[in-house]
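Peer 1: My questions will all concern the structure given below.
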Amino acid sequence: MRDVAVVGFAQRQMENFDGSPTCVEMLVPLLAECYEQTGWTRRDVGFWCSGSSDYLAGRSFSFVQAVDAIGVIPPVNESHVEMDLAWAMYEAWIKIQTGEVDTALVYAFGKSSAGVLRRTLSLQLDPYTMTPLWPDTVSLAGLQARVGLDAGLWDERAMAEVVNRSLTDAEKNEYAVRRGGSSVEELLARPMYADPLRKHDCAPVTDGAAAIVLAAGDRARDVRDRPAWISGLSHHIDPMSMGTRDLTRSPSAARSAASVDLSGVEVAELHAPFSHQELVLRRELGLGDDVAINPSGGALASNPMFSAGGIRIGEAAKKIWSGDASRTLGHATSGPALQQNLLCVLDATPGTDGA
């Protein structure tokens, strides 16, 4: 296995993008920031991979237009996934493992404010039994939260504590759409939004884009004195049908955790779009109380579709670069009620433990 590190990261998260920008207008400044961080030009990038959704963009083959942000002369080695940035990064990591390239730049984008996001995401459900009912993502998360409450696995105070900590930490995040903690009691006094969820229990609709730069071996060391080496990658999926799984659990997250070494993780950036989902993930991943969770504020502070999972990896990498931590975890989820889960373990020293 080749040693591969995260050496660059750029992001934009906003409540809504002023005017009607194209994906190119969102991406060009991010790519320029990645070039500045690495000292590279476009010709130094061996592979490009993007993540986005035509459903979210409202037009077919929207990712093709995004290639304009790269430039195609000379021709580029490019791919695309209809998934979050984290999965585009996984494909790029595999590409580097083949030995065909030594460097990659992955990016993702989405303008969630252009439509009704909670309805659009219903299209990822089973097309025969679920989608015709149009159950939106917030309502499904409410069902999941209710099952856990009734089972005594968590309570409303535990959910409010997650929110209060996240919004307090988000005060230090310049990209956070929602920030500023208050108190658990004040949060619990707010009205219900989708019982038992209050609005602060749900990630805000967020526009944005993000990019991650990967490099192997000496190419990574040339860019950073302290690269964030990928020591473990794992992705598992639970059944699509909501009726075939225990919504208080996330077996795919547990299987992903069993496939990598999480011992010694100091910081975990968890992609939990709803407050109770952080509680589920902490249990399934076996994270102790000594692990700092979402110091960036996490998805409850801002959650750009198709970028938020990759942003968790980028935020985890920044902790390695700064020397604030030696071992971190980035997590991404996709699908309803934590259906899919991807883990990326990052270390200050190279050495892979599997993927």
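The values are calculated or read from the model by the stated rules, or taken from the named source; none is laboratory data. None of the values given here were measured: they were computed from a predicted structure. Every residue, glycine among them, receives a Cβ derived from its backbone with ideal geometry; neighbour counts consider all protein chains shown. Quick note on the areas: whole protein, heavy atoms, side chains included, nothing else; ligands and nucleic acids left out. Shrake-Rupley method; radii C 1.70, N 1.55, O 1.52, S 1.80 Å.
Peer 1: Ignoring any ligand, DNA or RNA, what whole percent of the accessible area of the stretch 175-240 comes from carbon and sulfur when the probe is 1.4 angstrom?
Peer 2: Heavy-atom surface of the stretch 175-240 belonging to carbon and sulfur, 1.4 Å probe: 48 percent.
Peer 1: Quick one: angle between helix 23-38 and the longest Cα principal axis of the chain, in degrees between 0 and 90, rounded to 10, please.
Peer 2: Compared with the principal axis, the helix lies near 60 degrees.
Peer 1: What percent do you get for the relative contact order of the chain when only Cα pairs under 8 Å and 6+ apart count?
Peer 2: Relative contact order for the chain comes out at 26 percent.
Peer 1: Normalised by the number of residues in the stretch 117-229, what is the relative contact order in percent for Cα pairs under 8 Å and 6+ residues apart?
Peer 2: Rounded, it is 20 percent for the stretch 117-229.
Peer 1: Going Cα to Cα from K172, which lysines come in below 16 Å? Please leave out same-chain ones fewer than 8 positions away.
Peer 2: Output for K172: K318, K319.
Peer 1: With everything on Cα atoms, drop me the angle between helix 275-285 and the longest principal axis of the chain, reported from 0 to 90° to the nearest 10.
Peer 2: 60 degrees
Peer 1: In terms of Cα to Cα distance under 17 Å, which lysines are near enough to K95, apart from those fewer than 8 places away along the same chain?
Peer 2: none
Peer 1: OK, next. How big is the chain on each of its three principal axes, counting only the C-alpha atoms and giving the largest first in Å?
Peer 2: Principal-axis extents of the chain (Cα, largest first): 56, 44, 38 Å.
Peer 1: If only Cα atoms are counted, what is the Rg of the stretch 1-141, and what is its Dmax, in Å?
Peer 2: Considering the stretch 1-141 through its Cα atoms, Rg and Dmax are 16.8, 51 Å.
Peer 1: How would the stretch 96-193 be classified by its alpha-carbon gyration tensor: rounded, prolate or oblate, with rounded meaning a/c under 1.5 and the a/b versus b/c comparison settling the rest?
Peer 2: Verdict is oblate for the stretch 96-193.
Peer 1: Obtain the radius of gyration and the Kirkwood radius of the stretch 249-355 from its C-alpha atoms and give Rg over Rh.
Peer 2: Rounded to two decimals, Rg/Rh equals 0.93.
Peer 1: Right, here's the next one. Apply the a/c threshold of 1.5 to the C-alpha gyration tensor of the stretch 102-260 and tell me whether it is rounded, prolate or oblate.
Peer 2: The shape class here is prolate.
Peer 1: Quick one: longest stretch of the chain between exposed loop chymotrypsin sites (Phe, Trp or Tyr not before Pro), exposed meaning at most 14 other C-beta atoms within 10 Å and loop per DSSP?
Peer 2: 129-355
Peer 1: How many percent of the accessible area of the stretch 1-155 is carbon or sulfur, using a 1.4 Å probe?
Peer 2: Carbon-and-sulfur percentage of accessible area, whole number: 54.
Peer 1: Mind checking the stretch 55-157 for trypsin sites (Lys or Arg not before Pro) that DSSP puts in a loop (not H, G, I, E or B) and that have at most 12 other Cβ atoms within 10 Å?
Peer 2: When the trypsin sites (Lys or Arg not before Pro) of the stretch 55-157 are filtered for loop state and at most 12 Cβ neighbours within 10 Å, R59 remain.
Peer 1: Tell me which aspartates and glutamates have Cα within less than 16 Å of K111's Cα, excluding those fewer than 8 residues away on the same chain?
Peer 2: Cα-Cα hits under 16 Å: E15, D18, E25, D54, E82, D84, D207.
Peer 1: So, one more: What spacing in nm lies between the two simple spin-label points modelled at E186 and D261, each 7 Å away from Cα in the Cβ direction?
Peer 2: 4.4 nm
Peer 1: Determine the per residue accessible area of the chain with all protein chains present and a 1.4 angstrom probe, expressed in square angstrom.
Peer 2: 39 Å²
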